[in-house]
Amino acid sequence: MAYKFIDNYREQGARKKLVATLREKGISDRRVLEAIGKVPRHYFFDETFWLQAYMDKAFPIGDGQTISQPYTVAYQTELLHISPGDKVLEIGTGSGYQTCILLELGAEVYTIERQANLYKRTVQV
């Protein structure tokens with residue numbers, strides 16, 4: 001699967017709106033919000049569904065799995081209080097979005113995916 005990594009004003013604006021939504025829902029960790037604002041969530045979707053990437057909803061990614069709702073990712077990450085250099089073991093890589101948020105915060109992430117199709121898709125990205 002060949003991806004065209006495009007991140008223009010439309011996607012950047014959608015991320016800013018998503019960050020504002022998460023802030024309204026109670027996410028207050030500045031670093032978590034900045035990470036959400038930097039990581040292009042649409043890269044973890046098939047190009048056909050890019051318009052749905054910045055909705056605060058879970059979305060199917062195949063094999064009966066979903067990319068988690070952005071609020072869930074932000075809330076879980078906020079609870080971890082990640083500091084640069086912290087080691088994190090993530091079970092269930094899925095799309096890799098949560099992994100990238102943790103990496104953006106400076107964590108050293110070890111991640112495992114048991115679904116072969118998801119693993120292959122994530123490795124390609």
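For segment 67-125, the set of trypsin sites (Lys or Arg not before Pro) satisfying both a DSSP loop assignment and a count of at most 13 other C-beta atoms within 10 Å is given as ARG114. Taking the Cα centre of the chain as origin and assigning +1 to Lys and Arg Cβ atoms and -1 to Asp and Glu Cβ atoms, the resulting dipole is close to 260 debye.
Remark: accessible surface ordering of PHE45, PHE59 (largest first) is PHE59, PHE45, probe radius 1.4 Å. Taking all Cα pairs closer than 8 Å and separated by 6 or more residues, the relative contact order of the chain comes to 22 percent. What is the chain by shape, rounded, prolate or oblate, if you read a ≥ b ≥ c off the alpha carbon gyration tensor as root eigenvalues and call it rounded for a/c under 1.5, prolate for a/b larger than b/c, and oblate otherwise? Oblate shape, in that a/c is at least 1.5 and b/c is the bigger or equal ratio.
Quick check on the chain: helices-only [θ] at 222 nm, where DSSP H runs of length 4 and up contribute -39,500 (n - 2.57) each and the sum goes over total residues. Nearest 500, please.
Rounded to the nearest 500, it is -12500 deg cm²/dmol.
The values are calculated or read from the model by the stated rules, or taken from the named source; none is laboratory data. Predicted model only: the values in this text are computed from it and were never measured. All Cβ positions, even for glycine, are placed from backbone atoms using ideal geometry, and neighbour counts span all protein chains on display. The area values use the complete protein model at the heavy-atom level, side chains included, leaving out ligands, DNA and RNA. Shrake-Rupley method; radii C 1.70, N 1.55, O 1.52, S 1.80 Å.
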